[in-house]
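Below is one structure, written out as structure tokens; the observations come after it.
The values are calculated or read from the model by the stated rules, or taken from the named source; none is laboratory data. All figures in this text were calculated on a predicted structure; none of them were measured in a lab. Because the Cβ atoms are built from the backbone with ideal geometry, glycine has one as well, and the counts that use them run over all protein chains shown.
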Amino acid sequence: MAKPDSWESILGVKKPACCNLRAACCSVSTPSVPVDEMLKLAAQGDETCRDFLSVFIPHRSHEDARAFYPEDPSHIDRVLSIVNNQRTRVKLEAQDVTFYHCRYLGEDRRCQVYEDRPTFCRDYPNSPMAILVKGCGYTDWVEACKQKLAQYGYAIENAD
Ligand code: SF4
Ligand code: SF4
């Protein structure tokens with residue numbers, strides 16, 4: 001059942017039961033907080049940042065991130081273009097955007113701890129603001145949420 005404060009519940013848009021397991025979110029994850037800020041918050045005890053850093057390892061460069069997810073290297077540029085867009089609330093310079101991969105992603109692109117994966121993996125994407133890789137199983141859900149939000153006067157920048 002959806003959590004009462006989840007976007008699924010607030011907007012009344014049901015999430016699909018499962019994704020199609022392309023593992024992009026485990027390969028090139030992009031939080032909206034720069035890595036130094038993330039480390040600072042984690043050191044101050046922020047649980048979300050601590051949990052995230054306990055699982056995710058930063059790619060050394062955007063090139064490394066592209067190489068790690070060859071299924072759609074253009075995803076990296078789409079993310080950079082969106083966060084640079086003046087109309088979005090979260091604005092970061094390209095050099096402040098870090099992509100991460102999960103330490104529990106196996107060579108076969110499957111989660112090695114699937115039954116015990118963290119809550120934020122189970123909840124992903126936890127908001128319609130998530131920038132999904134093309135073909136992600138939650139694309140329709142995010143689009144349906146955006147349409148609902150648009151009805152309320154909130155426009156969310158599209159990924160394309
Ligand atoms: S949530 Fe989307 S990106 Fe993540 S594994 Fe599922 S289909 Fe892939
Ligand atoms: S723990 Fe599993 S589901 Fe979560 S990011 Fe890592 S590989 Fe993906």
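Across segment 34-58, the qualifying residues are those that are touching a helix residue (DSSP H, G or I) at 6+ places or on another chain (Cβ under 7 Å) and not in a helix (DSSP H, G or I), and the one among them that is nearest to I82 (Cα to Cα) is P34.
Taking segment 5-25 as the range and being polar (S, T, N, Q), modelled with pLDDT of 85 or more and either under 18 Å from L105 (Cα atoms) or in contact with a helix residue (DSSP H, G or I) (Cβ under 9 Å, 6 or more places away or on another chain) (or both) as the test, only S6 passes.
Rundown of residues vs (1) in contact with a Phe, Trp or Tyr (Cβ under 9 Å, 6 or more places away or on another chain); (2) touching a residue at least 60 places away in the same chain (Cβ under 8 Å); (3) among the polar types (S, T, N, Q), yes/no style:
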{"site": "L105", "(1), (2), (3)": "no, yes, no"}
{"site": "D108", "(1), (2), (3)": "no, no, no"}
{"site": "R122", "(1), (2), (3)": "no, no, no"}
{"site": "C136", "(1), (2), (3)": "no, yes, no"}
{"site": "T139", "(1), (2), (3)": "no, no, yes"}
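Here S81 does not qualify as within 23 Å of Q95 (Cα to Cα) and in a loop (DSSP other than H, G, I, E, B).
Just one of the listed residues (C19, C25) is within 12 Å of ligand 2 (Cβ to nearest atom), in a loop (DSSP other than H, G, I, E, B) and not aliphatic (A, V, I, L, M), and it is C19.
On the given criteria, is Y104 at pLDDT 90 or above and of a type outside the set (A, V, I, L, M, F, W, C)? So Y104 passes the test.
Does P58 meet the test of being touching a strand residue (DSSP E or B) at 6+ places or on another chain (Cβ under 6 Å) and either touching a residue at least 40 places away in the same chain (Cβ under 8 Å) or within 16 Å of ligand 1 (Cβ to nearest atom) (or both)? Yes, satisfied.
The single condition among (1) within 16 Å of ligand 2 (Cβ to nearest atom); (2) surrounded by 18 or more Cβ atoms within 10 Å (Cβ to Cβ); (3) more than 13 Å from the chain's Cα centre (by Cα) that C102 does not meet is (3).
Screening D96 against (1) away from ligand 1 (no atom under 16 Å from the Cβ); (2) touching a residue at least 60 places away in the same chain (Cβ under 8 Å); (3) surrounded by 15 or more Cβ atoms within 10 Å (Cβ to Cβ) leaves a single unmet condition, (3). Starting from residues that are more than 12 Å from the chain's Cα centre (by Cα) and of a type in the set (F, W, Y), keep the ones in segment 107-159 and report whichever is surrounded by the most Cβ atoms within 10 Å (Cβ to Cβ). So the residue we want is W141.
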